[in-house]
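Asker: Dropping the structure in here first, questions after.
The values are calculated or read from the model by the stated rules, or taken from the named source; none is laboratory data. These figures come from a predicted structure and were not determined experimentally. Cβ sites come from the backbone with ideal geometry, for glycine too, and all protein chains shown count toward neighbours. We work out accessible area using only protein heavy atoms, side chains counted, and drop any ligands, DNA or RNA first. Shrake-Rupley method; radii C 1.70, N 1.55, O 1.52, S 1.80 Å.
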Amino acid sequence: MDYKALGLVAGIEIHQQLDTKEKLFCHCPTCLREVEEHSGEFFRYLRATESEMGEIDRAAKEEMKRDRKFLYYTYDTTCLVENDEEPPAPLNDEALAVCLTIGKMFGMTAIPQVHVMRKLVIDGSNTSGFQRTALVAVKGALPNGGEIETICLEEEAAQRVKDDHFSLDRLGIPLIEITTSPCMHTPEEVQKVAEYIGMVLRSTGKVKRGIGTIRQDVNISIASGARVEIKGVQELDLIADVVKREVRRQQTLLAIRDELRTRNASVAHATSQDVTGIFKETKSTVLKKAKRISAITLKGFAGLVGRELQPGRRLGSEMSDYAKKCGVGGIFHTDELPAYGVTAEEVAVLRSHMCAEEQDCVILVSSANEKQAACALNQVIIRAGMALSDTPVPEETRKMLEEGSTAYMRPLPGAARMYPETDVLPVVIGKDRWDAVVVPELLKHKAGRYAKDYGIDLNYALQLAASDKLPLFERAVREKIKPKLAAFTLLSAVTELRREGVEMRAVTDESYLAVWHAVEDGRAAKEAIPALLRGIAGGSTVEAALAELAPAVSRAELETVVRKIIAARSDFVKEKGKAALGPLMGLVMEEVRGSVDGKLVSEVLRKEIDAAVAGK
Amino acid sequence: MNSGDLVSCEYGGKTHKGIFITSRDGMAVVKLSSGYNIGVPPVSCTCIESPVPTPPRTREVNKTAGLPDLSIISTGGTIASRIDYRTGSVSSQFDASDILTAIPELAQIANYRTLPLAAILSENMTPVIWQELARAIYAEIKNGAKGIIVTHGTDTMAYSAAAISFMIDTPIPIIFVGSQRSADRPSSDNAMNAVCAAAAATSDLGEVAVVMHATTNDDTCAIHRGTRVRKMHTSRRDAFQSMGLPAIGSVAFPSQAVTLAPGAVRRGTDALAIHDTLEPHCALLQFYPGMSPDILRAYECYKGLVLSGTGLGHVSTLLIPAIRELVAAGTLVVMTSQCMHGRVCDRVYDTGRDLLNAGVIEGGDMLPEVALVKLMWVLGNEKDPAKAAAMMATDLKGELNRRSAHGL
C-alpha cells in the first residue's frame, strides 16, 4: 500500500516509567504490589468541575454519562497523597533530573519555570480526578528529521484491577511523556522512531523495565480522515500493524460514507421503540434477561453496519462502543442476525414492527430501564449520523485491543482539561542546572564499543546494552572480569536457566561477581557457571555452591579420571582414535562436575587418547 | 500584558501561542494552547490581542413548590473555592449561588435563599463576624427558613459552630459544612458534604451541628453537635470528630437518609432567641513544661482566660502565684485539659487543689476552644463574676457532659 499517497500522517507519544527512589509527589517507593497484599480499601465518586476557562471538557463530560463509584486498594507502600487525602509533596527532583537528561539527549530546550498542571481524568484512574503533569522541555530532533515537540513529567495513574476497582501502588510513579510532531508517513517509520526513542530512554539507566513500564500512544490520520489517538500500545512490534489497521479503518469508513450517501441513508427519523414483547419467548440469553429491549431503524444502513473495518471490528462495533457509555453491554444489529439465539422469525417480526425495508438496518439494545435504553440508542444515532457526515472518521481516543485492532474510548480531549496544580510550587530550571546535565552514552554507541573493544558479537552487544543487567556488566568489566565471560553469563547462561524455571531474581549482583572471580582465579571452570548459579538461586551461598559444585581438581587427579574413563572404553577409543575426544569430553566434564576448565580437560584427554592409541 | 491576553512567545526556537496568566517570580506565566502553563522570560512574549470581556453569567435558581425553604449563608472556605491567578493559590471567591450551580442535586432537596456574608479563609474569622453571622441566621429564621446551612472553612469551623450554639436558641437545624479537599477537584468532598448538610437541614434536628464526611469513603456524613466537635486531622475528609459524645446523627449518601441519635435535640424544642453579646478580651493558653509566669501576666487586663492544662488539669506550681494575681484582678480563669478526651479534676493532686484555691474554675470535659468561646459569651451576657463562674460549670448547649461515658 502506498501510504504516502494516502496522506498518512502519524505522531507518537511515549510514556515511560522512571526508576526513581520515590514517587513524583510523595515519598512512597515506586514499587508495584500484588493485589492480594492490599492493606485496605475505600471508595469515592468523581464529578467533573469547571476549568479556569469556565467549561467542562468534552472527554470528561463523556465519562460523567455514567454514575460511577470507584473502589481503591491501599498498601503499606502507599500514603494519604495517593488517597487524595493530603496535599502533594514538592515535585520529585530526581525525576526532573532524568527528564532534563533526556531532553538534553534530544537537543531540547528546558522550560525556565516549570509549572505543574492538573489534567482532568475522571475515569477513576486518579483518586483526585486529575493527573498531575508538567511541561519540562520543548523542541528536539529525531534522526528521521522529525521533531520531538515536548517532554512532560507526569504521575502514573492507578492500575485498573477490574471494572471500577483500582490499585494505588502504581499511582504517582514518575512517568516521562515524549511527544513527537506528526512527522511519520509509513507504518514502519512509526515503529522505527518508537524504537529509537525507547533506546534513548534506556540509555539513561534511570527508566523502569518490563511489561507495562513503557506505553506508546499513536496519533494517526489519512487524507479526508481525522486524527485518532490510539492509547496504550505496549508491544513495540505491534506499532506498525496498529497503524496499518487504523489506515484501513479510516479508508473503509470513508467508503461506507460514500455508499450511505448514494443510498440516501438517513438517521433523521430514527426513533426508539419498545420491542420487549417481540422477544418474550426468545432463546437469546442476553435478550431473555433484559428488563427492556428497545430498537431503532437506520434507513439505508443494511449491510454496512456489519462491514468489517478492521479484523474483528465492524461499524456495528463502533456503535456498540458508543452505546456502552450508557452502561449497556452492547447492541445487536440485523446485519448479524439471526444469531446469538435470535431466530429468523424474530428478526422478521422485528423488521416488520420497525417498518424496516430491505436497505435498512435495525439496532437492538437490551437494558435495565427506559432511561438507559434511550441513552444507548441516542448514542447509536449519534454514531450513525457521524458515519454519513462530512467527517465520517470521528476524532477519537481509542484503546488498543489484542492483535492491534482498536475500540472507541472517548472523544479527543481538549485543552480545557488542564488547570494549575496550585499545591505544588513552580520549579526554576536555571542555566547552571541545565549546563550541568551530563548526557549519557547512547546504548547503540555503547554496543558498538563493546563489539569493537571486547570482541563481543554486535548482536550480543546490542542485547547486552538493552539488558537490565547492563550496570552489572559494566561493574564486572571495571573489576577486571573478562567481558566475554560476563556477557556469556548474562545473556546465554541466565536466559537458559530462566527458561528452566530457575528464579534468577534470587541471584544478587554480588553473587555473580563472586562466581566470575572464582572462574578468573581458576577456582571454578567456566562450564560450572550454570550449575553454580542454579545452586545460588536455590538458596545456597556462593562459597557452598563452589565447594559442592566446583571442588578444586588437581591436574594429577584429572589425569587419573581421564585414564579411568579411557580404560573403561578402551575398545571405543582404539576404534575411533582421535575422534573419541568429543564423546569422552562430556563424560569427563560430568565426572569433574565442571570444576576444571574445558581447555585443560581437552588437552589432557587428547594426550591420554594418543597414549592409549599408541599403546595398542 | 494583562491576564487573559492572547500572547505569542518565542522560546526554544519555536513560537508558542497562549494566554498570559500572570507574572510570577520574574517570569511570564503563559497557558499554551495545549493547556500547559509555562513560565518564560517576559521579553520573549508579545501581546497579540486582548480579549473582549464577557459579561458575567447570570445564575437563576428556580423554586420548586412543596420543598422546604433553606438559607445558605456563605462565609468562604474550601467548599467554595476557585483558583487565584495572581498568586496561583486556591482562595475563597464563590458566593452561595455558585454552590447551587456547582451542586445541582441540592435543588431537589429544598428551595434556597443564598446570603454571602463573608468571603474569607476561616483562619481569618473573628468574634465580630460570629456576631454578624448570628444576626444573619436569626433574621433568616425569623424570615421563615426551615433550616440554615453555613458554608465555612474547616480550620475554625468548630469555633464558629460553638459560638452560634451559645448565641442562638434555635428551633431549626443550623448546619455548618465545608470541605477538606478543594472544591475545584473532581474528588472534592464538597458536593457530598453539601448534599448531606441540606438533608440534615431539612431533618427533624433542632440544634447547631457540623456535617462532614464520617469516613474516607463517600458513603456517610456524620452530624456532630456544634459544641462537641473538633477538627482532628489536617487533611483527611473525616477530619471532624465528636469528642466525649458519639455523633448526634448521620446522613447516608447518596440516599440522603438522615438518622438522629436519641439525644439529638429535635426541631421545635427551643424557641428562637438571640443573645449576641461577646466579651472579646478572652484568651486560650496551652501550658507546656517550663512556661514562664510572665506569659500569664501578659493577660492581666483580660476578662477571661482558658488554660489548656496537662492531664487532669494542671499547670506548673510555679505559675500558681501569677494565676492568683489574675483572679484577684478580676480575670475568670477556667481549666481544661490538652488530653482532649476526659474530664479535668483538680481535687486529686496538690497542684490541682492549689489551683482551685487560687480561684481556677474546673471546665469539666469541655473542649478547650469551646470553653474559650463559652467564656466570651458568658462574660458578655453575665456581669456578676460569681454567676458567670457558675455558668461556666453548668451545661448550656451540650458542651459539658455530666457523665463521662465508657468507650469514648
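Asker: Please list, by residue number, every one of the GluC sites (Glu not before Pro) in region A:381-466 that is coil in DSSP and has at most 14 other beta-carbon atoms within 10 Å.
Answerer: Passing sites in region A:381-466 are A:Glu395, A:Glu441.
Asker: For a test of the definition: using alpha carbon positions, the gyration tensor, and the 1.5 limit on a/c, classify the protein assembly as shown as rounded, prolate or oblate. Walk me through the numbers before you get to the answer.
Answerer: Numbers: a/c = 2.21, a/b = 1.42, b/c = 1.55.
Since a/c reaches 1.5 but b/c is at least a/b, the shape of the protein assembly as shown is classed as oblate.
Asker: Taking +1 at the Cβ of each Lys and Arg and -1 at the Cβ of each Asp and Glu, which of A:Pro87, A:Leu587, A:Leu142 sits farthest along the dipole of chain A towards its positive end, judged by Cα position relative to the Cα centre?
Answerer: It is A:Leu587.
Asker: In whole Hz, with x marking every Gly and Pro, tabulate ³J(HN,Hα) for region A:531-542 from phi via Karplus 6.51 cos²θ - 1.76 cosθ + 1.60, θ = phi - 60°.
Answerer: 5, 4, 5, 4, x, 5, 4, x, x, 7, 7, 4
Asker: Here's a follow-up. How large is the direction-averaged shadow of the alpha-carbon convex hull of region A:555-614, in nm²? Walk me through the numbers on the way to the answer.
Answerer: Numbers: hull surface 13.6 nm².
Averaged projected hull area, Cα only: 3.4 nm².
Asker: Determine the distance separating the Cα centre of region B:188-261 from the Cα centre of region A:135-201; give it in Å without decimals.
Answerer: 44 Å
Asker: Hey, another quick one. Loop only per DSSP, at most 14 neighbouring Cβ atoms within 10 Å: give me the trypsin sites (Lys or Arg not before Pro) in region A:286-343, ordered by residue number.
Answerer: In loop regions of region A:286-343 (DSSP not H, G, I, E or B), the sparsely surrounded trypsin sites (Lys or Arg not before Pro) are A:Lys291.
Asker: How big is the gap, in Å, between the Cα center of region A:452-496 and the Cα center of region A:316-357?
Answerer: If you average the Cα positions of each part, the centres end up 59 Å apart.
Asker: While we're here: Taking region A:347-482 on its own, what percent of its Cα-Cα pair distances exceed 18 Å?
Answerer: 79 percent
Asker: To continue, here is another question. For the protein assembly as shown, build the charge dipole from Cβ charges (+1 Lys, Arg; -1 Asp, Glu) around the Cα centre, then report which of B:Ala271, A:Val424, A:Val275 sits farthest towards its positive end.
Answerer: The one lying farthest along the dipole's positive direction is A:Val275.
Asker: Please report, in whole Å, how far the alpha carbons of region A:468-616 spread along each principal axis, starting with the longest.
Answerer: Computed over region A:468-616, the largest-to-smallest principal extents equal 55, 30, 23 Å.
Asker: Carbon and sulfur atoms: what percent of the 1.4 Å accessible area of the protein assembly as shown do they account for?
Answerer: Reported share for carbon and sulfur atoms: 52 percent.
Asker: Let me ask another. Which percent, to the nearest 5, of DSSP beta bridges fully inside region B:69-274 are antiparallel?
Answerer: The antiparallel fraction comes to roughly 55 percent.
Asker: Placing +1 at every Lys and Arg Cβ and -1 at every Asp and Glu Cβ, with all other atoms neutral, what dipole size does region A:385-494 have around its Cα centre, in debye to the nearest 20? Could the numbers behind the result be given before it?
Answerer: Details: 16 positive and 15 negative charges, 147 e Å.
Using only the charged Cβ atoms, the result is roughly 700 debye.
Asker: Using the Karplus curve 6.51 cos²θ - 1.76 cosθ + 1.60 with θ = phi - 60°, what ³J(HN,Hα) values do you get for each residue of region A:292-307, in whole Hz, with x for Gly and Pro?
Answerer: 9, 10, 10, 9, 9, 10, 9, 5, x, 9, 4, x, 8, 5, x, 6
Asker: For B:Met335, enumerate residues with amide H under 5 Å from its amide H, sequence gap 5+ or separate chain, H modeled in the peptide plane.
Answerer: Under 5 Å from the amide H of B:Met335: B:Leu307, B:Ile361, B:Glu362, B:Gly363.
Asker: In Å, what Kirkwood hydrodynamic radius results for region B:6-49 from the alpha-carbon pair distances?
Answerer: Over region B:6-49, the inverse of the mean reciprocal pair distance is 10.0 Å.
Asker: Just the number: Rg to Rh for region B:309-408, Cα atoms, Kirkwood Rh, two decimals. Intermediate results must be reported in sequence, preceding the final value.
Answerer: Numbers: Rg = 13.2 Å, Rh = 13.8 Å.
Radius of gyration over Kirkwood radius for region B:309-408 works out to 0.95.
Asker: When N is the residue count of region A:412-455, what does its C-alpha Rg come to as a fraction of 2.2 N^0.38 Å?
Answerer: Relative to the 2.2 N^0.38 Å estimate, region A:412-455 comes out at 2.23.
Asker: Across the Cα atoms of region A:114-167, what radius of gyration and what greatest pairwise Cα-Cα distance (Dmax) are found, in Å?
Answerer: Considering region A:114-167 through its Cα atoms, Rg and Dmax are 15.0, 43 Å.
Asker: Compute the semi-axes of the equivalent ellipsoid of chain B, taking the square root of 5 times each eigenvalue of the Cα gyration tensor, and list them largest first in whole Å.
Answerer: That gives 44, 28, 19 Å for the three semi-axes.
Asker: Among DSSP beta bridges lying fully in chain B, give the percent that are antiparallel, nearest 5.
Answerer: Once the DSSP bridges in chain B are tallied, antiparallel ones form about 60 percent.
Asker: Further question: Can you give the % of DSSP beta bridges in the protein assembly as shown that are antiparallel, to the nearest 5?
Answerer: Antiparallel bridges: around 75 percent, rounded to the nearest 5.
Asker: Going by a 1.4 Å probe on protein heavy atoms, which residues of region B:153-200 end up with at least 20 Å² less accessible surface in the whole assembly than in their chain alone?
Answerer: Relative to the lone chain, where solvent access is computed with a 1.4 Å probe, region B:153-200 loses at least 20 Å² at B:Arg181, B:Asp184, B:Arg185, B:Pro186, B:Ser187, B:Ala191.
Asker: Express the relative contact order of region B:103-231 as a whole percentage, based on alpha carbon pairs under 8 Å and six or more residues apart in sequence.
Answerer: Here the relative contact order equals 24 percent.
Asker: Starting from the Kirkwood radius over alpha-carbon pairs of region B:69-274, derive D by Stokes-Einstein at 10 °C in a medium of 1.306 mPa s and give it in µm² s⁻¹.
Answerer: Calculated translational D: 97 µm²/s.
Asker: Roughly how large is the B-A contact in terms of buried accessible area, totalled over both chains, probe 1.4 Å, nearest 100 Å²?
Answerer: Buried area between the two chains comes out at roughly 4100 Å².
Asker: Then there is this: Can you give the helix-only mean residue ellipticity at 222 nm for the protein assembly as shown, where every DSSP H stretch with n ≥ 4 adds -39500 (n - 2.57) and the sum goes over all residues, rounded to the nearest 500 deg cm²/dmol?
Answerer: -9500 deg cm²/dmol
Asker: So which trypsin sites (Lys or Arg not before Pro) in region B:106-199 end up in coil per DSSP with only 16 or fewer other C-beta atoms within 10 Å?
Answerer: Taking region B:106-199 and a limit of 16 other Cβ atoms within 10 Å, no loop trypsin sites (Lys or Arg not before Pro) are found.
Asker: Now a separate question. Residues with amide H under 5 Å of B:Gly147's amide H, sequence separation 5 or more or different chain, H placed in the peptide plane at 1.01 Å from N; which?
Answerer: Here the answer is B:Ser71, since their amide H atoms fall under 5 Å of that of B:Gly147.
Asker: Quick one: 3J(HN,Hα) in Hz for region A:8-22, Karplus 6.51/-1.76/1.60 with θ = phi - 60°, rounded, Gly and Pro as x.
Answerer: Once rounded to whole Hz, the list reads 5, 10, 9, x, 10, 10, 10, 10, 10, 6, 9, 9, 9, 5, 10.
Asker: Taking a ≥ b ≥ c as the square roots of the Cα gyration tensor eigenvalues, with a/c under 1.5 meaning rounded and otherwise prolate when a/b beats b/c, else oblate, which class fits region A:443-549?
Answerer: prolate
Asker: Report, by chain and number, residues whose modeled amide H sits under 5 Å from the one on A:Gly7, excluding near sequence neighbours (fewer than 5 apart, same chain).
Answerer: Correct list: A:Ala223.
Asker: Here's a follow-up. Hey, what's the per residue convex hull volume over the C-alpha atoms of region A:266-387, in cubic angstrom?
Answerer: Taking only Cα atoms, region A:266-387 has a hull volume of 92 Å³ per residue.
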